[in-house]
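Read through the structure below, which is laid out as structure tokens, and then see the notes.
The values are calculated or read from the model by the stated rules, or taken from the named source; none is laboratory data. Not measured: the values here are computed from a predicted model. Glycine gets a Cβ as well: all are built from the backbone with ideal geometry, and neighbour counts include every protein chain shown.
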Amino acid sequence: MTDVFLYTTPLDPRSQPLVEALTYEYETRYGTYWGEPASTEMTRYPAELFAPPNGAFLLLLRDGVAIAGGAFKRCDERTAELKRVWTHVDLRRQGLARTVLSELEAQASRQGYTRLYLTTGFRQPEAAGLYLNTGYTALFDPAVDPEVYKTLPFEKDISALALRLEERAATDRKAG
């Protein structure tokens, strides 16, 4: 059982479990709460936005099957917006989302971003907990009922990550 990262596109057939599961999750948690079918969120952005040089779409594969994934797209020159962070429902609570998040942060840094931004919905407390526990700053008052806000925005400064990646690369070059 080997887990490997694959940078690809939302159009890759291996991405379909992620897209279908997220669509189902949005439908079951929100229905038409936002005034449109939940599936609209999954088709809101064209696949090109999640492609280099401005974006990335990542799958975590186990034995060739997508078990987790996520993406980011450009917000502005220094900010990438995280989207589509997902873990297969049968594999949750094993640190896979944290693994994907770490890889997305590193890739965003490699692509020149120094800040990450994201929103999650008020009916996704697991996601809010993940972001709070991995160094993201809530741009709302976490003590207030999340339904008041509807969407929960977070940010994280990743400028120091670029320095650590450069130091590691320099160490690897010296050792190699």
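General remarks:
- From the options 44, 84, 78, residue that is at negative phi and in contact (Cβ under 8 Å) with a residue 24 or more places away in the chain: 78
- Residue match in segment 2-9 (condition: in contact with a strand residue (DSSP E or B) (Cβ under 9 Å, 6 or more places away or on another chain), touching a residue at least 60 places away in the same chain (Cβ under 8 Å) and over 18 Å from residue 101 (Cα atoms)): yes
Here's the yes/no breakdown for (1) under 27 Å from residue 125 (Cβ atoms); (2) modelled with pLDDT under 85; (3) surrounded by fewer than 17 Cβ atoms within 10 Å (Cβ to Cβ); (4) not basic (Lys, Arg):
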site: 4; (1), (2), (3), (4): no, no, yes, yes
site: 7; (1), (2), (3), (4): no, no, yes, yes
site: 10; (1), (2), (3), (4): yes, no, no, yes
site: 14; (1), (2), (3), (4): no, no, yes, no
site: 19; (1), (2), (3), (4): yes, no, no, yes
site: 29; (1), (2), (3), (4): yes, no, yes, no
site: 36; (1), (2), (3), (4): yes, no, yes, yes
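- Being among the basic types (Lys, Arg), in contact with a Gly (Cβ under 8 Å, 6 or more places away or on another chain) and either surrounded by 18 or more Cβ atoms within 10 Å (Cβ to Cβ) or at pLDDT 85 or above (or both) is a description that does not apply to residue 44.
- Qualifying residue in segment 80-92 (condition: at pLDDT 95 or above, in a loop (DSSP other than H, G, I, E, B) and among the acidic types (Asp, Glu)): no
- When segment 29-44 is filtered for residues that are part of a loop (DSSP other than H, G, I, E, B), of a type in the set (Gly, Ala, Ser) and closer than 15 Å to residue 84 by Cβ, only 38 remains.
Conditions tested, residue by residue: (1) in a helix (DSSP H, G or I); (2) modelled with pLDDT of 95 or more.
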residue: 116; (1), (2): no, yes
residue: 123; (1), (2): no, no
residue: 126; (1), (2): yes, no
residue: 129; (1), (2): yes, no
residue: 153; (1), (2): no, yes
residue: 160; (1), (2): yes, no
residue: 164; (1), (2): yes, no
residue: 168; (1), (2): yes, no
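- For beta carbons closer than 8 Å, sequence separation of 6+ or different chains, a first residue in segment 122-139 that is at positive phi and a second that is buried (at least 16 other Cβ atoms within 10 Å of the Cβ), the qualifying pairs are 135/156.
- From the options 110, 84, residue that is touching a Gly at 6+ places or on another chain (Cβ under 8 Å) and within 17 Å of residue 72 (Cα to Cα): 84
- The selection criterion, being exposed (fewer than 13 other Cβ atoms within 10 Å of the Cβ), in contact (Cβ under 8 Å) with a residue 40 or more places away in the chain and either out of contact with any His (no Cβ under 7 Å at 6 or more places or on another chain) or part of a loop (DSSP other than H, G, I, E, B) (or both), holds for residue 52.
- Candidates are the residues of segment 55-69 that are of a type in the set (A, V, I, L, M) and surrounded by fewer than 20 Cβ atoms within 10 Å (Cβ to Cβ); the one that is farthest from residue 113 (Cα to Cα) is 65.
- Residue in segment 55-69 that is within 25 Å of residue 122 (Cβ to Cβ) and assigned to a strand (DSSP E or B) present: yes
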